[in-house]
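See structure below.
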Amino acid sequence: MTRKARPMRRVIQWSTGNAGRKALRGILRHPDLELVGVHAHAPEKVGRDAAELCGLTAPTGVVASDDVDALLALGADCVCYTAQGETRIRETIDDLCRILASGANVVNTAIVSLVYPPFASPKLRERLEAACSEGGSTFFTSGFDPGWSGDVIPLSLASCCERVDSVRVSELMDYSTYEDPGFTGVYFGFGRPLDYAAPLLQPGVLKGGWGGMVLMLADAFGVGLDEIREEHERLPAPETFDTAMGRIEEGSCAGVRFEVQGIVDGRPTFVAAHVNRLRDDIGPGWDRLSAGKRSGYKIEVVGSPSFTCEIEPMGEDGDHNTAGITATSMRVVNAIPAVCDAAGGVVSILDLPLFTARHS
């Protein structure tokens, strides 16, 4: 049987950081995507071939540029935007609106509250909707978490249920091999005193990051939430040790646990939880995967019947954090054809058909 030909989508990769390098490699290897441009912020990356920026050997002929006008003039079908957005929200929204208004669709991992547009700031959503309307374009945000672990996985499990009473999605990860001290380390407060004002743990920030996932689940199941609550806890390092997050001094933060809880009738019903350690012996009483599994995700759907699904991601190098970064990028790269075919506007996973990777 002959495979039906699919249209090639012309794509620009925007940023080449941790997630951007993975997305760039994924675009180059995707049979239905053609890389036509790369945006780079760092001057030392401008002019370098896309292959060099993502660790491939064969030159592509596509070189990185910081000329936004020239990139948008390429007339790409889609921009894969993976720049860091949480610390530069205004600049990120300006970027995204400019791209969308030009007529290019956007798949995005920045500003995670946009995973579920009805939850996002009305002001941000209205700006993005106006840009989509001007350009006739579609905007989609996702990732691994928030994203895939808390949308299609629990919804797929629940499709076999007669009744759903609650859903809990937990990231249970050792972050010791996650080389991102400048953002994740600071944001979580790893290696800082336990009374350090970690940005992630300030009132409203956890809700802003994972509340959209919680609200999406509630809406998908047709349930109204009474409120969304936050809770968190930190634990100290028992001694000084070194990790990819940097040196962790004795007594400084070595473990973070938090929950974002969608409350129905006074009880947590839809929960996004994290347990992030820098060593396996941190938080022995905290939740973890079953024996033999080090890091991953646990999705628990309680109802009739009930399901518990454990997912242990593994990168090509054998590391779970590498897998998480790759999966975050590929979640949006693989969405590009579906987003290009969508009707337009700011959409969520509930608005798109099922999409997946292509055979290499």
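The values are calculated or read from the model by the stated rules, or taken from the named source; none is laboratory data. All figures in this text were calculated on a predicted structure; none of them were measured in a lab. In this analysis, Cβ positions are derived from the backbone assuming ideal geometry, glycine residues included, and neighbour counts consider all displayed protein chains.
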Would you pick out the residues in the stretch 51-71 that are free of Cβ contacts under 8 Å to residues at least 40 places away in the same chain, surrounded by 11 or more Cβ atoms within 10 Å (Cβ to Cβ) and of a type outside the set (G, A, S)? E52, L53, C54, L56, P59, T60, V62, V63, D66, D67, V68
In a strand (DSSP E or B) and of a type in the set (D, E, K, R): does that describe E179? no
Strands (runs of 3 or more DSSP E) contained entirely in the stretch 268-360, each with at least 1 residues that are more than 30 Å from D77 (Cα to Cα) and hydroxyl-bearing (S, T, Y): 296-304, 307-311
Taking the stretch 212-240, which residues are out of contact with any Leu (no Cβ under 6 Å at 6 or more places or on another chain) and basic (K, R)? R229
Mind checking which pairs have a first residue in the stretch 151-171 that is assigned by TED's automatic domain parsing to the domain that holds F221 and a second that is among the hydrophobic types (A, V, I, L, M, F, W, C) and part of a loop (DSSP other than H, G, I, E, B), Cβ under 6 Å, 6 or more apart or different chains? V164/F221
Tally time: how many residues in the stretch 301-354 are within 24 Å of F119 (Cα to Cα) and among the β-branched types (V, I, T)? 9
Hey, any hits in the stretch 183-204 for a residue that's among the polar types (S, T, N, Q) and surrounded by 14 or more Cβ atoms within 10 Å (Cβ to Cβ)? yes
Being buried (at least 22 other Cβ atoms within 10 Å of the Cβ) and either in contact with a Pro (Cβ under 9 Å, 6 or more places away or on another chain) or at pLDDT below 95 (or both): is that true of A254 here? yes
What strands (runs of 3 or more DSSP E) completely inside the stretch 197-264 contain at least 2 residues that are touching a residue at least 60 places away in the same chain (Cβ under 8 Å)? 253-264
Sole exception among (1) of a type in the set (G, A, S); (2) crowded, with 21+ Cβ neighbours inside 10 Å; (3) not in a strand (DSSP E or B) for G37, by number: (3)
Just name the residue that is farthest from the chain's Cα centre (by Cα) out of those in the stretch 137-163 that are crowded, with 21+ Cβ neighbours inside 10 Å and within 16 Å of V301 (Cβ to Cβ). P154
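Residue-by-condition table, conditions (1) farther than 15 Å from V333 by Cβ; (2) surrounded by 12 or more Cβ atoms within 10 Å (Cβ to Cβ); (3) in the same structural domain as L114 (by TED's automatic domain parsing); (4) modelled with pLDDT under 95:
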| site | (1), (2), (3), (4) |
| --- | --- |
| Q13 | no, yes, yes, no |
| H41 | yes, yes, yes, yes |
| E86 | yes, yes, yes, yes |
| L100 | yes, yes, yes, no |
For the stretch 80-115, give me each residue that is within 13 Å of the chain's Cα centre (by Cα), in a loop (DSSP other than H, G, I, E, B) and in contact (Cβ under 8 Å) with a residue 60 or more places away in the chain. T82, A83, Q84, E86, T109
